[in-house]
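The structure appears below as structure tokens.
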Amino acid sequence: MENRTKSFIYAAIIGLIIVAIFLGFLSSMANPISWILIAVLLLIPILYKRKANPQQVQWREEYSVGIEHIDNDHKKLISLLNNFTIAYDYAMSEAFEKEALNELVSYTKYHFDREEKMMADHDYPDLTAHKAQHEVMIGQVENFVQLYNEKGHDALDEIASFLSDWLINHINGTDKQYSEHLHNKGVY
Ligand SMILES: [Fe+2]
Ligand SMILES: [Fe+2]
């Protein structure tokens, strides 16, 4: 079911519960059904939030590569990824969704360039392989963007989880491999 349809159904259920509570109180303020329905109403946002936000990525200390400006870039990437996931999960306007995706892609490119320059400046021996991995990732994400531009929201069922795995695996795997070399060169 499409997210917009789901949101509409949730809103309709909430509306019906409010009417039922009101009608219950018309008969008596001690009507237990109305009080039970109030409790249900209070629980709905908690349950909805849990269901709607399964893919928010949290920064963890273990993701640190031990270089401050790179960690800051990675934190920014994670927050842009979360912005996109929120826009995507809540099916906000397509313009907002598109903007969040474009922002993530352009910051990713900016970060990759910066990281590659840092590795080149300090003669990192695995620069070519690392750069090749960046290029593959940019290629994958550009395919998604193109598909999105053609088909809109529904084309990207997998994109949010793909991007989370894609980014975290790279930060937590390949990026960490340069830490020791750069620390030896005095980069922190
Ligand atoms: Fe990185
Ligand atoms: Fe990288």
Ranked by GNM mean-square fluctuation in the chain (Cα springs under 10 Å), the top entry among GLU116, GLU103, GLU62 is GLU62
Whole-number value, in Å³ per residue, for the convex hull of the alpha carbons of the chain is 125 Å³
Please find the FRET efficiency linking PHE8 to SER106, where r is the Cβ-Cβ separation and R0 is fixed at 45 Å, and quote it to the nearest 0.05.
-> 0.85
Calculate the spin-label point distance for SER27 paired with ALA120, positioning each point 7 Å from the Cα along the beta-carbon direction, and give it in nanometres.
-> 7.6 nm
Summing -39500 (n - 2.57) over every DSSP H run of at least 4 residues in the chain and dividing by its residue count gives a helix-only mean residue ellipticity at 222 nm, to the nearest 500 deg cm²/dmol, of -25000 deg cm²/dmol
Relative to the present Cα-Cα distance, how much length would full extension add between TYR188 and SER79 at 0.36 nm per residue of separation?
-> 37.0 nm
Over 24 Å between C-alpha atoms is what I'm after, so list which of LYS117/LYS176; LYS131/LYS185; LYS131/LYS151; LYS98/LYS131; LYS6/LYS75 land there.
-> LYS131/LYS151; LYS98/LYS131; LYS6/LYS75
Set Lys and Arg Cβ to +1 and Asp and Glu Cβ to -1, take the dipole of the chain about its Cα centre, and tell me which of PHE8, PRO125, LEU26 lies farthest positive.
-> LEU26
Of all stretches in the chain that avoid trypsin sites (Lys or Arg not before Pro) placed in a DSSP loop and having at most 16 other Cβ atoms within 10 Å, the longest is 61-184
Report, in degrees rounded to the nearest 10, the 0 to 90 angle that the Cα long axis of helix 68-89 makes with the longest principal axis of the chain.
-> 30 degrees
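Each reported figure results from applying straightforward, stated rules to the coordinates on display, with no laboratory input. Bear in mind the structure is a predicted one, so any value in this text is a computation, not a measurement. Counting neighbours? That spans all protein chains shown, and the Cβs are built from the backbone with ideal geometry, glycine included.
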